[in-house]
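What follows is a set of notes on a single structure, which appears directly below.
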Amino acid sequence: MSILTRLAGAQHKAEILIEALPWINEFAGRRVVVKYGGNAMINDSLKRAFAKDIIFMHSVGLQPVVVHGGGPQINAMLERVGIQSQFRGGLRVTDRETMNVVRMVLTGQVQRELVSLLNVDGPRAIGFSGEDAGLLSARRRTADVDGKKVDIGHVGDIVSINIESLNHMLTSGHIPVISTVATDVDNPEEVLNVNADTAAGAIADAAGADKLIMLTDVEGLYLDWPDKSSLVSEIHPDDLRALLPVLDSGMKPKMEAALRAVDRGVPKAHIIDGRMAHSILLEIFTDDGIGTQVTAAARRGAVTGTKAVTGAKEEK
C-alpha cells in the first residue's frame, strides 16, 4: 500500500470523526434505550459489534440502557428439554414450566453473555432482571384470537417501573442490561414474561430517554413489502397510527412500541437493521442516519397510499 493510499484512508477516518462530533456533543449525558434483538443477538460477530457500539456510546458520554428478549434462544432450549413452543395471537403461551425456561434463558444465558462482552475491557455493565429490586411490574394479559380473549399463561404487560433503581445504575456510571421478566403485581410470588419491544418502549418513557432504538432484521419500515422503494426513513406518529392495522405480526409490536414511546414524550424512536455491524453508531453519529425514525417532528402526510416520501433524515 502506497503512502498516498494510507494518507487518503487516514483522511477519510478523520472526516468520519468530524461528522460524528456534533452528534457526540448533542447527546452527551442523554439517555438512549436500545432493544437488542434479531440477528444481532445470535451472530457472534454482530454480538461483538453491538457490544462495541454500546461501549462507544458510554465512552463518549451517553447513558445507554440495553433491553433484551431472547426468542431464538428460548425456542432452542424448549426444544432441548422437550417442550413444544406454542403461540396464540402472536404471543408465546407460557405455562409455569415454560416460564421457568424463559427465566433461565433470559437472565442466565442471554443477559450474562452480553454483560460479559460489555465488561471485557472494564466493569461497565450490570445485568438486571425486571424482577430485581422491583424494576418491572406487570399484570397478566390475554391474547386476541379471532376476536376472543384467550388465556396464554404467564405473559404480562408492564404497569409500573421502579425508576429509582434504573436511575441509580445510570448515575453510578454503569450500563444496565435488562431482561424482560417482571413481577406479577397481582401475585408477587410469580413472574411474567413481557414482550421486549413493549418493555423497551415503556422503559424509554419512564427513563426520560431521548431515543429509543430497536434492532430488527430488516432495513426499516416497509409500507408495501417486498417493494424496496416503499421503505420510509421518517414517519409522523399519526401516519404510523393509521398503518398499524396492516403491518405484519413481526413488525407490528415494534412499531406499536415506537409509537407509544413517542406519544408519551420520547422525542424519537428508531427501527434499524441489526444485521449491519455498527448500525447503532451509524444511526446516532452520522448526518443521514439509517432505518426508520418515528417522530412528531416529521411532516404529516409523508405517506401516500402504500408509498412514502423517503430520503436522508434532517433531524436526529
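A few comments on the model shown:
- When the listed pairs K47/K211; K148/K228; K148/K268; K13/K252 are checked against a 29 Å cut-off, the alpha-carbon distance exceeds it for K148/K228; K148/K268; K13/K252.
- Magnitude of the charge dipole, the chain, Cβ model with Lys/Arg +1 and Asp/Glu -1, debye to 20: 220 debye
- Whole-angstrom Cα spans of the range 178-261 along principal axes, big to small: 50, 26, 22
- Fully extended contour minus Cα-Cα distance, from R300 to N187, at 0.36 nm per residue: 36.3 nm
- Cα Rg over Rh - the chain, Kirkwood: 0.98
- Relative to its residue count, the range 74-151 spans a Cα convex hull of 114 Å³ per residue.
- Taking every protein chain into account, the 1.4 Å probe leaves T171 with about 110 Å² of accessible area, to the nearest ten.
- With all protein chains in place and a 1.4 Å probe, the accessible surface of the chain carries 51 percent carbon and sulfur.
- Kirkwood's formula applied to the C-alpha pairs of the range 26-168 gives a hydrodynamic radius of 16.9 angstrom.
- Each stretch of four or more DSSP H residues adds -39500 (n - 2.57); spread over every residue of the chain, this sum gives -11500 deg cm²/dmol at 222 nm.
- Each residue of the range 87-232 gets 151 Å³ once the volume of the Cα convex hull is shared out per residue.
The values are calculated or read from the model by the stated rules, or taken from the named source; none is laboratory data. Not measured: the values here are computed from a predicted model. Heads up, the Cβs are rebuilt from the backbone with ideal geometry, glycines too, and the neighbour counts pull from every protein chain shown. To get the accessible areas, we keep the full protein, side chains included, count just its heavy atoms, and leave off ligands, DNA and RNA. Shrake-Rupley method; radii C 1.70, N 1.55, O 1.52, S 1.80 Å.
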